[in-house]
Structure formats: structure tokens, C-alpha cells
Amino acid sequence: MTSPRSGSTRLPLALERLRAHLSTYPSLAVAVSGGVDSMTLASVAHDVLGDRLRLVHAMSPAVPEEAAERIRHHANRFGWSVEWVDAGEFSDARYRKNPVNRCYYCKTNLYTRLKEVWDGPIASGANLDDLGDYRPGLLAASEKQVVHPLVESAIDKATVRVIARYQHLDDVAELPAQPCLSSRVETGIVINADDLLFVHRTERYLAEVLGPADLRCRITAEGVRIEVPEELQEPHSRQWSDLTTELKRRINADGRRFAGIGGYRRGSAFLREADSQ
């Protein structure tokens, strides 16, 4: 079968590095979330390792169904073999308490589960840019000996998108950042599935109206706060007025308090000063 990349432009140097690095693994499992990083890593790893690669997707109330649908679509398209497992973090009271290091417990559960179905090395889709943030999940990865091929190949987020386009993952390449739905819940507020379903419904509505972008529905102590990039805001327009009215209606109908619309701020539900115990 002809490669979907035949006739493409010259191989990006970063992709050469990544392929060379991946070729050092006799076998590998990639934890694929459905986002641009792990999907791109999965695509390249499949090219290099073939049937020596295992892709594993952890299902969870914190992961939108669209992510699983995206994985299924590309698995059928490229012949990927994917194993579907329960992430298991919702059975961990420490995770659901939503402390400042919630991601540590999430990733600890994830990698423990993956090690139950795979006894070889496990890779994450972390890239260089992730090293500049507070990422307790990386500590869990280190404790479980998880490897980070994108980091080890000196690849940042912008380069991941370039590689994704080269791999003909054009729809994935343009995806806005989509951390797990639990990241929308302010630190210290208990994580529950109903809140995450509400967040997902609201963000889908925002995307229908405004298009794909960094759109957030935050569950906060003051109520539901909506965040929209400033370039998409038109406070004096009829569309914006209608959007605000409809958001208030939807939020109130769900028995929640509307806390307003503001500009998108990455990680604004994360309160570092909160009790991490």
C-alpha cells in the first residue's frame, strides 16, 4: 500500500531525530490520549516499530468521547492496534479530592494500569514545552519509568504540529490544547462525573458558536466561569449578547450560578496555594 506521506516534502530534521530515537526500542507502548502530541507520537512510532508497537487509550469521565472517536478514526485509517482500558483514577479518593497535585494521582493510576497490560517500556506524549510548567504527572511518570520520546528528541509543541502535518494528521495538527476535563475544576473542588459532563456540553456549545479555539468552562467557587480568547470576543455585537444570554440560560437550567465571561487564561482553575494533602 502506498504510504500516506509519499510525495511529501523533505523529512523534517526533528522527525529524523524522533525516528532514530524510536528505533532504539525493541518494543514500545504509547499512552495515546487523542491530543496532538500523543497522536503524532503514535503515528511516527507505528511507522518505525510496526507490530512492535502497542497503543493504549485510557477511558475516563475526564476524557471527552471525541478523543476516543479521533483515535478510532486514525486507527482504522492507518492500521493501528489500540487497546482500550479503564484509567481507574475515579476510584482514587486522593484524585477526586482535587488537590494541587491531582495530576500526580491521575498519572499514577494510569501508568499502573498500563503496566498491568504491558510489560515493556511505556511512552508519553510529553514535549519540551511541558517541562516549563508545574507538571506533577511527570513525577508519576518518572516513578513508573515512563519515557518521553518527544522530549528526548528535543521536540516542542510547534514542532509536533509540523510533524503532524507531515504525517498527514492535518485535523490533529490544528487541534487547540485540550487538557483533561478535570483541569476545568478549580483546585479543592471535588471532581465528579456530572460536573465534567456539564463542562463538556458547555464547551461543545461554545465551539459550535465560535469555532475551534481555546474555550473553557470553569467550575469555580464563585460559579461557572466561561473563558474565551480575547480575539474572539465582541462585547458590543448582537452575537455576543445572544451567546451570553444562552450561556446564562444553560448554566442556570443546570442549577448552577453564572460567574461571567472573561479572557482565556491557561491553567486558571489551578490554585497553587491550595492544600495539596
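The values are calculated or read from the model by the stated rules, or taken from the named source; none is laboratory data. Just so it is clear, the structure is predicted and the values come from calculations on it, not from any experiment. Because the Cβ atoms are built from the backbone with ideal geometry, glycine has one as well, and the counts that use them run over all protein chains shown. Accessible surface is based on the protein model in full, side chains and every heavy atom, while ligands, DNA and RNA are left aside. Shrake-Rupley method; radii C 1.70, N 1.55, O 1.52, S 1.80 Å.
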Fill in: Computed over segment 144-203, Kirkwood Rh from alpha-carbon pairs, angstrom
14.3
Discussion item. Classify segment 99-251 from the C-alpha gyration tensor, please: rounded if a/c falls under 1.5, else prolate or oblate depending on whether a/b exceeds b/c.
Written reply: oblate
Practice prompt. Please tell me the relative contact order of the chain in percent, rounded to the nearest whole number, where contacts are Cα pairs under 8 Å and at least six residues apart.
Written response: 19
Item to complete: State to the nearest 20 debye the size of the charge dipole of the chain about its Cα centre, where the only charges are +1 on K and R beta carbons and -1 on D and E beta carbons.
Response: 100
Item to complete: Specify the residue with the greatest mean-square fluctuation among Gly34, Gly125, Gly260, computed from a Gaussian network of the chain linking alpha-carbon atoms under 10 Å apart.
Response: Gly260
Response to the item:
Once the in-chain neighbours fewer than 8 apart are removed, the lysines whose Cα is under 21 Å from Lys157 read Lys107
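What FRET efficiency do you get for Ser81 and Ala253 if R0 is 41 Å and r is their Cβ-Cβ distance, rounded to the nearest 0.05?
For Ser81 and Ala253, the calculated efficiency is 0.45.
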Item to complete: Can you work out the accessible area per residue across the chain, with the rest of the protein chains kept in place, probe 1.4 Å, in square angstrom?
Response: 48
Worksheet item: Helix 157-166 versus the longest principal axis of the chain: what is the Cα-based angle in degrees, 0 to 90, to the nearest 10?
Response: 60
Practice prompt. Determine by what factor the alpha-carbon radius of gyration of the chain differs from 2.2 N^0.38 Å, reporting the quotient.
Written response: 1.04
Practice prompt. Among the aspartates and glutamates, select those whose C-alpha is under 14 Å from the C-alpha of Lys144, and discard any that sit fewer than 8 residues away in the same chain.
Written response: Glu116, Asp119
Worksheet item: What number, rounded to the nearest 500 deg cm²/dmol, is the helix-based mean residue ellipticity at 222 nm of the chain, given -39500 (n - 2.57) per DSSP H run of at least four residues and division by all its residues?
Response: -13000 deg cm²/dmol
Item to complete: Tally up the carbon and sulfur contribution to the accessible surface of segment 96-140 as a whole percent, 1.4 Å probe, everything protein left in place.
Response: 52
